[in-house]
Amino acid sequence: MAVDIEELKQKILEFATKKAKHKSKMYIKDLYKADPNAKPREIKKAANLLVQEGKLEFFSSGSTTMYGVPGFGKSEEDQFGKLEE
């Protein structure tokens, strides 16, 4: 059964914001808990749309990509410095 993408995005954003008070970065597996009835692919698609909208951000350590809520914790630039182009 297909999930409403806007409803799913709202659930993910609420979950991530609540979780960000204790844990600023989350794996995609953590976001699966936002809606246990949604398929992992739907969660990932909704999370990526939230990144495009600027409501979530990617954080990469090189080997792992995590999601975070902007304004919580250190940004990728704060953690590793500004990358040279």
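The values are calculated or read from the model by the stated rules, or taken from the named source; none is laboratory data. Just so we're clear, the structure is a prediction, and the values are computed from it rather than from any experiment. Note that we place each Cβ from the backbone using ideal geometry, even for glycine, and neighbour counts take in every protein chain shown.
Annotations for the structure displayed:
- In region 13-39, the residues that are farther than 14 Å from M66 by Cβ, within 13 Å of the chain's Cα centre (by Cα) and not acidic (D, E): L13, F15, T17, K18, K33, A34
- Residues that are aromatic (F, W, Y) and either assigned to a helix (DSSP H, G or I) or exposed (fewer than 11 other Cβ atoms within 10 Å of the Cβ) (or both), drawn from region 1-32: F15, Y32
- Scanning region 50-67 for residues that are surrounded by 12 or more Cβ atoms within 10 Å (Cβ to Cβ) and at pLDDT 90 or above turns up L50, V51, K55, L56, E57, M66, Y67.
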